[in-house]
Amino acid sequence: MKKFLTTVMCVFGLMSVAHAETFTFTAIPDEDESRLRARFDKVATYLSDKLGVDVRYVPVKSYAAAVTAFRNDQVQMAWFGGLSGVRARQLVAGSEAVAQGYEDQFFITYFIANAKTGLSASDDFPSGIKGKTFTFGSKGSTSGRLMPEFHIREKLSGSPDDVFKKVGFSGDHSRTIALVQSGAYEVGAVNFKVWGNEMKAGKIDPSKIKIIWKTPTYPDYQWSVRGDVGKKFGADFKAKVTKALLDMKDPDLLSSFPRKSFVPAANSDYKPILDVGKSIGLID
Amino acid sequence: MFVAIAVLGLFLADLEIIGADPWSEFGRMALGAVTPDFTATDRLFDAVLQTLAFAILGVAVANVFGFALALAFHYRFVRVGCAFIRAIHELFWALIFLQIFGLSPLTGILAIAIPYAGIIAKVYSEILEEADPAPARAAPSGSGAISIFLFARLPDAWVHFKHYSLYRLECGLRSSAVLGFVGLPTLGFHLDSAFKQGSYSEVSALLILFYIIIATMRYWVHKRLLPAYLIAAVIALPSGVSISMTNVVRFFTEDILPHPIRVAESIDGAVLEKLWDWIANLLITQAVPGAFNTIVLTMIALVGAGACALAMFPLISPKFFGKKGRTIGHVLLVVARSTPEYILAYVFLQLWGPSMAPAIVALSLHNGAIIGHLIGRHTESMATRSDSPKGLNLYGYEILPRVYPQFLAFLFYRWEVIMRETAILGILGIPTLGFYIDSAFADIRYDRALVLILLTAFLNIGVDALSRRIRYRLRLKTTLNHA
Amino acid sequence: MSLFDLRNANARYNGAAVLSNITLSIAAGERVALVGQSGAGKSTLLRMLYEQRAEEAALLPQELGLVRVLSVFHNIYMGRLNLHSVWYNFINLVRPMAREVKEVREIAVRLGLEEKLFEPTGELSGGQQQRTAVGRALNQDSDILIGDEPVSAVDEHQSRVVLESINERHKTVLIAMHDITLAITYADRIVGLRGGAIVLDQPTAGMVPSDLDDLYRN
């Protein structure tokens with residue numbers, strides 16, 4: 001018994017040992033984890049070179065976990081989606097969106113359908129999806145949940161639960177594609193960038209699955225930094241990080257996102273996302 | 001009557017299998033199962049280590065506090081408190097602590113230690129109650145309550161404590177592995193990724209490792225090695241995540257306050273009205289449908305588990321099969337009961353899509369295997385006439401009538417466990433209460449999550465009380481060490 | 001002055017009378033043997049007597065009251081639990097001290113248990129267990145011993161050792177037993193029970209076993 005107690009003491013003792021300042025960041029898990037890890041470990045190395053401090057990527061299992069880690073200062077920076085970024089910055093006073101991908105200024109969600117449904121591509125909202133089975137991506141995703149749900153509510157005038165036979169949340173965009181391709185769901189909503197990535201990786205069989213609608217554009221992914229990084233890493237640290245992100249030119253790195261380049265961003269760019277979030281009840 | 005409720009439940013449940021081509025996926029899974037790839041995850045060794053570390057530390061801490069609580073179990077508030085903390089599944093605890101401590105080791109340790117302390121307190125107090133009272137009576141008067149406890153009651157109970165702790169450690173390993181699904185760096189973390197990416201060879205490697213750890217437990221768990229394990233576990237835990245008190249304070253003073261109150265300047269009538277709307281909305285759109293689905297699924301799974309148990313126990317009973325047959329039976333049952341139902345459900349979900357069917361099959365198989373194992377063991381010591389019938393007649397006329405009371409006792413004992421698991425399976429997308437809890441966490445609405453978690457806790461406590469009353473009325477007794 | 005006093009005492013078990021109208025007085029220093037057929041009420045009478053002196057008497061119950069997972073040493077040590085502090089007891093539970101082992105060993109040697117001193121009592125034979133329980137009573141700091149069939153499972157030679165040791169250690173001895181010869185040898189007063197009543201109460205001086213035949217006649 002006493003042994004247990006001593007050991008318990010040790011646990012708490014060890015955990016309180018302070019660690020050398022490491023700049024940590026995370027990213028919402030929107031794709032296959034191995035791919036994320038490969039990409040962001042490279043980003044960590046790149047930033048470490050540029051900033052002269054230890055930089056570490058912390059993988060998380062959910063969008064909410066990314067927001068929480070940012071909020072709890074367990075990471076100081078994160079690669080968020082539109083919705084998760086808005087949520088995170090609401091929770092952390094002084095935090096800022098500092099950079100977004102060039103494409104993130106005009107992001108798109110694809111509605112995709114299994115070939116067996118007989119649905120075909122159209123410019124207008126595909127009302128034929130009513131009554132089908134439908135899968136979103138993660139519950140906290142902008143491109144996989146927020147925007148598609150917004151359009152569904154607007155065009156089919158009802159909540160997803162009302163207008164579809166069954167609604168699911170696949171967890172991430174790669175899964176959404178896999179589930180619609182296998183027929184587990186008839187229709188789904190997917191981030192157009194991940195669609196492109198999966199297409200390049202040869203994981204999409206065009207005879208089984210196709211795009212039936214493209215949403216209007218909206219702002220999405222961005223790098224957000226906590227307001228208090230200056231205290232830990234030096235007053236000009238935020239500016240240095242921003243510059244390092246905007247200067248990222250390595251085509252190999254950029255194509256892993258995939259983004260053409262990174263451009264400056266501001267919190268105000270995401271006002272539309274906040275409004276949509278409130279309008280469909282995802283943000284209080 | 002329970003069967004009737006379950007049949008009724010079947011009509012209410014959504015059982016549709018929507019995988020258009022589940023068998024090709026199943027084929028890939030089967031192929032993966034026979035071609036395990038131990039090199040797929042570079043962090044495999046680390047994951048195993050973390051799984052062990054969280055389990056060992058969590059169970060150790062739970063033992064200390066569970067034992068202390070067992071000594072105070074005659075106080076009503078201790079009993080109620082323990083019932084409450086064990087009514088909340090470790091995954092929910094983990095989700096709560098993730099918000100407070102983030103990915104710090106404390107999250108994993110507490111997520112296991114808290115509900116386990118509640119369970120251990122109950123079981124240990126029962127063990128102490130059943131200890132032979134004769135030695136205490138024979139001790140000289142004036143010996144002092146503590147000395148008498150140490151010599152006359154503790155030693156007897158100690159043996160049971162050890163067995164039970166070992167069993168808890170096995171449960172702890174399962175829990176620890178499953179905690180990976182919400183982000184802790186244990187086997188579940190990699191299982192989740194491997195499943196999502198369809199790398200079934202990696203999945204099977206991870207599961208095989210997990211079975212090996214559990215199957216070899218009795219060889220590596222040794223009293224003298226325990227201190228070494230505890231120290232090793234502490235060292236093995238991930239470091240580098242510090243805990244900030246402000247997060248802890250904020251969680252309790254802000255995050256969990258219902259939204260209307262949190263944003264209000266002062267509490268007045270308008271705020272209370274909004275609060276009422278908030279509660280009503282939460283109840284109507286989430287709590288009621290969630291609770292309904294939880295109950296429907298629990299009832300079907302309970303009867304399913306019973307059916308599975310009755311079908312499976314002969315597989316390991318010497319009354320029905322020879323040595324070779326039983327070995328196969330044992331392997332089947334070990335796999336079915338060592339695999340956490342969460343993982344079983346996950347596999348079936350990949351195959352059949354998110355209806356209740358995968359959850360029912362997973363819960364029935366897992367719990368059926370546990371009960372089947374206990375009943376099968378029970379038949380070993382059972383004497384039958386040498387001229388007794390064989391095969392189905394033996395089953396129907398000789399064995400079944402004799403094991404039936406025991407079987408019912410175990411089944412009702414698992415009722416609450418099944419209910420707790422049912423809620424958790426919501427995280428996988430089946431619309432039980434867990435689904436709405438997971439959604440609330442995903443939306444960073446801890447106020448809602450907390451209300452729903454409290455609701456699941458009360459449901460569990462209710463079922464636990466009901467099952468206890470039924471067992472009492474049917475005069476059923478379960479042996480202690482198989483909770 | 002008598003240590004034990006019963007006047008017209010009665011006892012019932014599940015509604016049936018077990019003892020009726022018992023009047024008995026035992027003085028300090030007496031060695032009393034209770035004899036009679038099984039079911040005659042010996043155990044019940046012993047329990048009633050024990051309750052009168054529960055504070056000071058050493059009890060040797062029929063079910064022995066051993067802690068089966070603890071060793072012979074620990075079980076005998078238990079006789080002195082009341083003399084030490086909790087910590088002292090705890091230390092001896094985890095790791096017996098040399099001083100205590102020496103004292104307990106003396107008792108164990110006498111009872112022929114020396115080789116089994118550190119074996120769990122649950123693994124001993126019935127006779128060895130019974131002697132362990134006797135050892136616990138001997139170790140107890142008490143002038144009074146109340147024993148229910150303390151030699152029922154040990155052989156004749158061991159029985160004599162046990163009863164001699166008890167007589168040496170305890171001043172007042174109350175023992176229920178079925179071996180009449182031993183009773184006459186080691187007690188100085190015999191109380192005979194039949195059907196819940198005292199039918200015989202005599203000193204043993206000059207008594208021969210056949211004097212007690214009436215008690216066992218059906």
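The values are calculated or read from the model by the stated rules, or taken from the named source; none is laboratory data. What you are looking at is a predicted structure, and each value in this text was computed from that prediction instead of being measured. Ideal geometry is used to build each Cβ from the backbone, glycine not excepted, and the neighbour counts take in all protein chains shown. Remember, those area values only see protein heavy atoms, side chains included, never the ligands or the DNA or RNA. Shrake-Rupley method; radii C 1.70, N 1.55, O 1.52, S 1.80 Å.
Restricting to strands (runs of 3 or more DSSP E) lying wholly in region A:58-168: which have 1 or more residues that are open to solvent by less than 20 Å² (accessible area, probe 1.4 Å) and among the aromatic types (Phe, Trp, Tyr)? Can you show your working first?
Working: elements: A:77-80, A:96-101, A:109-114, A:133-136.
Answer list for region A:58-168: A:77-80, A:109-114, A:133-136.
Within region B:191-233, can you find the residues that are at the interface with chain A (Cβ under 9 Å from one of its Cβ atoms) and of a type outside the set (Gly, Ala, Ser)?
B:Asp192, B:Lys196, B:Gln197, B:Leu226, B:Pro227, B:Leu230, B:Ile231
Looking only at region C:84-103, decide whether some residue is closer than 14 Å to C:Leu138 by Cα, in a helix (DSSP H, G or I) and away from chain B (no Cβ under 12 Å).
yes
Of all residues in region B:95-104, how many are of a type outside the set (Phe, Trp, Tyr) and open to solvent by 10 Å² or more (accessible area, probe 1.4 Å)? Steps first, please.
Filtering region B:95-104 for residues of a type outside the set (Phe, Trp, Tyr) gives B:95-96, B:98-100, B:102-104.
Now restrict to residues that are open to solvent by 10 Å² or more (accessible area, probe 1.4 Å): B:95-96, B:98-99, B:103.
Looking only at that region, the number is 5.
Which condition does C:Arg136 not pass, out of (1) more than 10 Å from chain B (Cβ to nearest Cβ); (2) among the charged types (D, E, K, R); (3) open to solvent by less than 40 Å² (accessible area, probe 1.4 Å), if it passes all the others?
The number of the failed condition is (1).
Are any of the residues in region B:420-431 more than 14 Å from chain A (Cβ to nearest Cβ), part of a helix (DSSP H, G or I), open to solvent by 10 Å² or more (accessible area, probe 1.4 Å) and in contact (Cβ under 8 Å) with a residue 12 or more places away in the chain?
Checking region B:420-431: at least one residue is more than 14 Å from chain A (Cβ to nearest Cβ), part of a helix (DSSP H, G or I), open to solvent by 10 Å² or more (accessible area, probe 1.4 Å) and in contact (Cβ under 8 Å) with a residue 12 or more places away in the chain.
Every residue, every condition in (1) open to solvent by 50 Å² or more (accessible area, probe 1.4 Å); (2) of a type outside the set (A, V, I, L, M, F, W, C); (3) within 21 Å of B:Gly144 (Cα to Cα), yes or no:
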| site | (1), (2), (3) |
| --- | --- |
| C:Val18 | no, no, no |
| C:Gly41 | no, yes, no |
| C:Gln52 | yes, yes, yes |
| C:Val72 | no, no, no |
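Would region C:188-201 turn up any residue that is on the phi > 0 side of the Ramachandran plot, over 16 Å from the mean Cα position of the chain (by Cα) and open to solvent by 30 Å² or more (accessible area, probe 1.4 Å)? Walk me through how you get there before you give the answer.
So the first thing to find is which residues in region C:188-201 are on the phi > 0 side of the Ramachandran plot, and the list is C:195-196.
Among the residues that remain, those that are also over 16 Å from the mean Cα position of the chain (by Cα) are: C:195-196.
This time we only want the ones that are open to solvent by 30 Å² or more (accessible area, probe 1.4 Å), so: C:195.
Yes: one or more hits.
Please work out which residue is farthest from the other protein chains (Cβ to nearest Cβ), limiting yourself to region B:327-363 and to residues that are in contact with a strand residue (DSSP E or B) (Cβ under 9 Å, 6 or more places away or on another chain) and open to solvent by less than 10 Å² (accessible area, probe 1.4 Å).
To start, the set of residues in region B:327-363 that are in contact with a strand residue (DSSP E or B) (Cβ under 9 Å, 6 or more places away or on another chain) comprises B:353-355.
When the remaining residues are screened for being open to solvent by less than 10 Å² (accessible area, probe 1.4 Å), the result is B:353, B:355.
Values: B:Gly353: 5, B:Ser355: 8 Å.
Within region B:327-363, the match that is farthest from the other protein chains (Cβ to nearest Cβ) is B:Ser355.
From the set of residues in region B:110-140 that are farther than 30 Å from B:Phe84 by Cβ and open to solvent by less than 40 Å² (accessible area, probe 1.4 Å), which is farthest from the other protein chains (Cβ to nearest Cβ)? Walk me through it before giving the result.
Taking region B:110-140 and keeping what is farther than 30 Å from B:Phe84 by Cβ, we get B:132-140.
The next check asks that each one be open to solvent by less than 40 Å² (accessible area, probe 1.4 Å); those that pass are B:134-136, B:138-140.
On the way: B:Ala134: 4, B:Pro135: 5, B:Ala136: 8, B:Ala138: 3, B:Ala139: 6, B:Pro140: 4 Å.
The selected residue is B:Ala136.
Cβ contacts < 7 Å: first residue in the same structural domain as B:Leu428 (by TED's automatic domain parsing), restricted to region B:344-355; second residue open to solvent by 30 Å² or more (accessible area, probe 1.4 Å) and not in a helix (DSSP H, G or I), any location; separation 6+ or different chain. Result?
Short answer, once both residue conditions are applied: B:Trp352/B:Ile17; B:Gly353/B:Ile17; B:Ser355/B:Asp14; B:Ser355/B:Leu15; B:Ser355/B:Glu16; B:Ser355/B:Ile17.
Kindly indicate whether B:Phe92 is under 30 Å from A:Phe70 (Cβ atoms), crowded, with 21+ Cβ neighbours inside 10 Å and either within 14 Å of chain C (Cβ to nearest Cβ) or under 13 Å from the mean Cα position of the chain (by Cα) (or both).
Numbers: under 30 Å from A:Phe70 (Cβ atoms): yes; crowded, with 21+ Cβ neighbours inside 10 Å: yes; either within 14 Å of chain C (Cβ to nearest Cβ) or under 13 Å from the mean Cα position of the chain (by Cα) (or both): yes.
Spelling it out, B:Phe92 is indeed under 30 Å from A:Phe70 (Cβ atoms), crowded, with 21+ Cβ neighbours inside 10 Å and either within 14 Å of chain C (Cβ to nearest Cβ) or under 13 Å from the mean Cα position of the chain (by Cα) (or both).
Can B:Phe195 be described as surrounded by fewer than 19 Cβ atoms within 10 Å (Cβ to Cβ) and in contact (Cβ under 8 Å) with a residue 24 or more places away in the chain?
No: the conditions fail for B:Phe195.
Does any residue of region C:90-98 turn out to be within 12 Å of B:Ile148 (Cα to Cα) and open to solvent by 50 Å² or more (accessible area, probe 1.4 Å)? Even if it seems obvious, please write down each step before you answer.
Just the residues of region C:90-98 that are within 12 Å of B:Ile148 (Cα to Cα), to begin with: C:90, C:93.
Checking which are open to solvent by 50 Å² or more (accessible area, probe 1.4 Å) leaves us with C:90.
Yes, that holds for at least one residue.
Return the residues of region C:24-39 that are at pLDDT below 90 and surrounded by fewer than 18 Cβ atoms within 10 Å (Cβ to Cβ); say none if nothing qualifies. Steps first, please.
So the first thing to find is which residues in region C:24-39 are at pLDDT below 90, and the list is C:36-39.
The answer is C:Gln37, C:Ser38, C:Gly39.
Going by the structure shown, is B:Arg86 surrounded by fewer than 20 Cβ atoms within 10 Å (Cβ to Cβ), among the basic types (Lys, Arg), modelled with pLDDT of 85 or more and under 23 Å from the mean Cα position of the chain (by Cα)?
Values: surrounded by fewer than 20 Cβ atoms within 10 Å (Cβ to Cβ): no; among the basic types (Lys, Arg): yes; modelled with pLDDT of 85 or more: yes; under 23 Å from the mean Cα position of the chain (by Cα): yes.
For B:Arg86, the condition - surrounded by fewer than 20 Cβ atoms within 10 Å (Cβ to Cβ), among the basic types (Lys, Arg), modelled with pLDDT of 85 or more and under 23 Å from the mean Cα position of the chain (by Cα) - is not met.
Looking at B:Thr107 and the list (1) in contact with a helix residue (DSSP H, G or I) (Cβ under 7 Å, 6 or more places away or on another chain); (2) more than 9 Å from every other protein chain (Cβ to nearest Cβ); (3) surrounded by fewer than 22 Cβ atoms within 10 Å (Cβ to Cβ), which single condition is not satisfied?
Only one criterion in (1) in contact with a helix residue (DSSP H, G or I) (Cβ under 7 Å, 6 or more places away or on another chain); (2) more than 9 Å from every other protein chain (Cβ to nearest Cβ); (3) surrounded by fewer than 22 Cβ atoms within 10 Å (Cβ to Cβ) is unmet by B:Thr107, namely (3).
Just name the residue that is surrounded by the fewest Cβ atoms within 10 Å (Cβ to Cβ) out of those in region C:104-133 that are among the aliphatic types (A, V, I, L, M) and not in a loop (DSSP other than H, G, I, E, B). Break it down stepwise before answering.
Of all residues in region C:104-133, those among the aliphatic types (A, V, I, L, M) come to C:104, C:107-109, C:111, C:113, C:117, C:124, C:133.
Subsequent filtering for residues that are not in a loop (DSSP other than H, G, I, E, B) retains C:104, C:107-109, C:133.
Working: C:Val104: 26, C:Ile107: 26, C:Ala108: 22, C:Val109: 12, C:Ala133: 26.
Of everything passing the filter in region C:104-133, C:Val109 is surrounded by the fewest Cβ atoms within 10 Å (Cβ to Cβ).
It is to be established whether one or more residues within region C:175-186 are surrounded by 14 or more Cβ atoms within 10 Å (Cβ to Cβ), over 12 Å from the mean Cα position of the chain (by Cα) and assigned to a strand (DSSP E or B).
no
I'm trying to understand the selection: among the residues of region A:188-222, which are in contact with a Leu (Cβ under 7 Å, 6 or more places away or on another chain) and surrounded by 24 or more Cβ atoms within 10 Å (Cβ to Cβ)? Even if it seems obvious, please write down each step before you answer.
Of region A:188-222, the ones in contact with a Leu (Cβ under 7 Å, 6 or more places away or on another chain) are A:188, A:212.
The answer is A:Gly188, and nothing else.
Only one of (1) open to solvent by 30 Å² or more (accessible area, probe 1.4 Å); (2) within 13 Å of chain B (Cβ to nearest Cβ); (3) aliphatic (A, V, I, L, M) fails for A:Val53. Which number is that?
A:Val53 satisfies every listed condition except (2).
Look through region C:69-83, keep the residues that are touching a residue at least 40 places away in the same chain (Cβ under 8 Å) and at the interface with chain B (Cβ under 7 Å from one of its Cβ atoms), and return whichever of them is nearest to the chain's Cα centre (by Cα).
In the first step, residues of region C:69-83 are kept if they are touching a residue at least 40 places away in the same chain (Cβ under 8 Å); the result is C:69-73, C:75-80, C:82-83.
Okay, now just the ones that are also at the interface with chain B (Cβ under 7 Å from one of its Cβ atoms), so C:69-70, C:78-79, C:82.
Details: C:Val69: 22, C:Leu70: 21, C:Met78: 16, C:Gly79: 13, C:Asn82: 19 Å.
Across region C:69-83, the extreme among qualifying residues is C:Gly79.
Any idea which of (1) without any contact (Cβ under 8 Å) to a residue 60 or more places away in the chain; (2) out of contact with any helix residue (DSSP H, G or I) (no Cβ under 8 Å at 6 or more places or on another chain); (3) assigned by TED's automatic domain parsing to the domain that holds C:Leu174; (4) not basic (Lys, Arg) is the one C:Leu6 doesn't satisfy?
(2)
Within the group B:Lys324, B:Lys274, B:Lys319, which residue is surrounded by 13 or more Cβ atoms within 10 Å (Cβ to Cβ) and assigned to a helix (DSSP H, G or I)?
Values: B:Lys324 fails: surrounded by 13 or more Cβ atoms within 10 Å (Cβ to Cβ); B:Lys319 fails: assigned to a helix (DSSP H, G or I).
Unique residue meeting the criteria: B:Lys274.
Having 1 or more residues that are touching a Pro at 6+ places or on another chain (Cβ under 8 Å), touching a residue at least 24 places away in the same chain (Cβ under 8 Å) and of a type in the set (D, E, K, R) is the bar; report the helices (runs of 4 or more DSSP H) wholly within region B:43-134 that clear it. Don't jump to the end; show me each part of the working.
On the way: elements: B:44-71, B:76-87, B:90-101, B:105-130.
Qualifying helices (runs of 4 or more DSSP H): B:44-71, B:76-87, B:90-101.
Any idea which of (1) over 27 Å from B:Val451 (Cα atoms); (2) surrounded by fewer than 20 Cβ atoms within 10 Å (Cβ to Cβ); (3) not charged (D, E, K, R) is the one B:Gly81 doesn't satisfy?
(1)
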